[in-house]
Ligand code: C2O
Ligand code: CU
């Protein structure tokens, strides 16, 4: 009852034309083995790790929703392989676009030059190949990649263009953590989809907030998935790869140990009952299992002060996401711990170093009263500077705020220190309505007055409709060279 009253309260706060999406998730039998995205092959020569990817159209038969339906994927019909590289390596890509329309590939969470970022200014025309390259220069983390064509990101990601990009470093490789990919170290790309009566993948376009919610939950493209567990502990690399839905992950009556957020490890393992992830956010958790048990990861209601937030569990109180089936005897796993990377200590930011404050108000598909304009640079930042970005959703709807190129730290939420789960490195943050988030950001290097990075809402309908802005990083003195590229959409 409180939930229903909560929905009503939110609805009454929205303007007359907004409705909130209340799509109920269809309950499933968990009888399909979880698909694990393959690790992408790469060749390492002279310190350069080279990958090949093709954005392509195909058909996918999702279990329980056959027949096959039209989907897109990277080097496959749906989603993409897991990319993996180590700190210090140079990576190089050959990305071919075999789709009938232009797309791009953005490296979400990556610190890299703006021209390699894969945002809306690095479009790949049909039939073309894009060759970005950069040096991995940040701590171990679970990042991801997806298209970023302005106005069409929701469609491209929804059809299946997304994959994980795992970064390793000395600290992560020597950590006492499950690291056997696909066995006790599981990538989990969680998405909601909608199928029409003929089994076609469709994007619900009903104008509801905060965008399209699907009634079918899939993990790595598997609907009703189960995973066999053979070790005492399993590491889950959770990505909310949905276009609009926020999840509150939990395993009833069990603590999960949060080890990492978007940009890498926390300072210490953190026991959690629930892990909330907005679109674009990641978390790594370690879960302990008992021999022979079957348990389910599920998403609970996402509530705030008794109010059920729009774009969360929709018409369900909670729904199951993935089943774990533990073997009758389990291989021992260590208690999670990791060395603190020397680089992470050196990289630490301090608020007293901040030279500039900027503020960002998200409202009505605009940031600070403006919709995204590819030819307008909104913010000019000096290379090497540390800044405080103050961000707020001034409507009763939440947003998912993402900044390219950087990992930020949350300084305060409504003036108070953030909870420990939000104290680690982040590139995307769920903005609860009408709260003020102060973020500490440093723009380390890669000055380029003519190529912007993006900041935006990662609820992809909001992004496509204009809730995005552009910043350039420049050397002091380059002010008069600042200009947006004349990107012509191919
Ligand atoms: Cu994950 Cu600008 O995007
Ligand atoms: Cu938004």
Open item on the list: Can you tell me how many residues within the range 395-409 are assigned to a strand (DSSP E or B) and either within 15 Å of the chain's Cα centre (by Cα) or within 16 Å of ligand 2 (Cβ to nearest atom) (or both)?
Closed with: 6
- [ ] Go through (1) outside any loop (DSSP other than H, G, I, E, B); (2) over 28 Å from residue 61 (Cβ atoms); (3) more than 21 Å from the chain's Cα centre (by Cα) one by one and return the number of the condition residue 143 breaks.
- [x] (3)
TODO: Check 355, 333 and return the single one that is out of contact with any helix residue (DSSP H, G or I) (no Cβ under 8 Å at 6 or more places or on another chain) and modelled with pLDDT under 95.
DONE: 355
Task: Residues of the range 427-461 that turn out to be within 12 Å of ligand 1 (Cβ to nearest atom), under 15 Å from the mean Cα position of the chain (by Cα) and either without any contact (Cβ under 8 Å) to a residue 12 or more places away in the chain or over 14 Å from residue 110 (Cα atoms) (or both), as a count - done: 5
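When you look at residue 66, is it over 20 Å from residue 127 (Cα atoms) and out of contact with any strand residue (DSSP E or B) (no Cβ under 8 Å at 6 or more places or on another chain), yes or no? It would help to see each step written out before you state the result.
Working: over 20 Å from residue 127 (Cα atoms): yes; out of contact with any strand residue (DSSP E or B) (no Cβ under 8 Å at 6 or more places or on another chain): yes.
It is true that residue 66 is over 20 Å from residue 127 (Cα atoms) and out of contact with any strand residue (DSSP E or B) (no Cβ under 8 Å at 6 or more places or on another chain).
Touching a strand residue (DSSP E or B) at 6+ places or on another chain (Cβ under 7 Å), outside any loop (DSSP other than H, G, I, E, B) and crowded, with 17+ Cβ neighbours inside 10 Å: which single residue out of 71, 54 fits that description?
Details: 54 fails: crowded, with 17+ Cβ neighbours inside 10 Å.
Selected residue: 71, the only one of 71, 54 that is touching a strand residue (DSSP E or B) at 6+ places or on another chain (Cβ under 7 Å), outside any loop (DSSP other than H, G, I, E, B) and crowded, with 17+ Cβ neighbours inside 10 Å.
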Task: Lone unmet requirement of (1) crowded, with 19+ Cβ neighbours inside 10 Å; (2) within 16 Å of ligand 2 (Cβ to nearest atom) for residue 465 - done: (1)
TODO: Select from the range 462-489 the residues that are within 16 Å of ligand 1 (Cβ to nearest atom) and either within 27 Å of residue 395 (Cα to Cα) or without any contact (Cβ under 8 Å) to a residue 60 or more places away in the chain (or both) and list them in ascending order.
DONE: 462, 463, 464, 465, 466, 467, 468, 469, 470, 471
Open item on the list: I'm told residue 424 meets every condition in (1) assigned to a strand (DSSP E or B); (2) within 25 Å of residue 243 (Cα to Cα) except one. Can you identify the failing condition by its number?
Closed with: (1)
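Evaluate the following for residue 386: is it more than 16 Å from ligand 1 (Cβ to nearest atom), surrounded by fewer than 17 Cβ atoms within 10 Å (Cβ to Cβ) and either at pLDDT 95 or above or more than 30 Å from residue 175 (Cα to Cα) (or both)?
no
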Open item on the list: For the range 347-372, give me each residue that is surrounded by fewer than 18 Cβ atoms within 10 Å (Cβ to Cβ), under 25 Å from the mean Cα position of the chain (by Cα) and either within 16 Å of ligand 1 (Cβ to nearest atom) or in a strand (DSSP E or B) (or both).
Closed with: 358, 359, 361, 363, 365, 366, 370, 371
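Checking the condition buried (at least 16 other Cβ atoms within 10 Å of the Cβ) and farther than 25 Å from residue 299 by Cα, which residue from 38, 113 passes?
On the way: 38 fails: buried (at least 16 other Cβ atoms within 10 Å of the Cβ).
The match here is 113.
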Task: Residue, modelled with the highest pLDDT, within the range 41-51, restricted to residues that are farther than 19 Å from residue 129 by Cβ and not in a strand (DSSP E or B) - done: 46
Open item on the list: Any residue at all in the range 262-278 that's touching a helix residue (DSSP H, G or I) at 6+ places or on another chain (Cβ under 6 Å) and surrounded by fewer than 22 Cβ atoms within 10 Å (Cβ to Cβ)?
Closed with: yes
Open item on the list: Is it the case, given these coordinates, that residue 399 is within 16 Å of ligand 1 (Cβ to nearest atom), assigned by TED's automatic domain parsing to the domain that holds residue 462, touching a helix residue (DSSP H, G or I) at 6+ places or on another chain (Cβ under 7 Å) and touching a residue at least 40 places away in the same chain (Cβ under 8 Å)?
Closed with: yes
Task: Residue check, residue 314 buried (at least 21 other Cβ atoms within 10 Å of the Cβ), assigned to a loop (DSSP other than H, G, I, E, B) and modelled with pLDDT of 95 or more - done: no
Open item on the list: All but one of (1) surrounded by fewer than 18 Cβ atoms within 10 Å (Cβ to Cβ); (2) under 21 Å from the mean Cα position of the chain (by Cα); (3) away from ligand 1 (no atom under 16 Å from the Cβ) hold for residue 174; state the number of the condition that does not hold.
Closed with: (2)
Open item on the list: Quick check on my filter: what residues within the range 112-133 are more than 21 Å from the chain's Cα centre (by Cα) and closer than 13 Å to residue 488 by Cα?
Closed with: 124, 125
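The values are calculated or read from the model by the stated rules, or taken from the named source; none is laboratory data. Not measured: the values here are computed from a predicted model. Don't worry about glycine lacking a Cβ; one is built from the backbone with ideal geometry, like all the others, and counts go over all protein chains shown.
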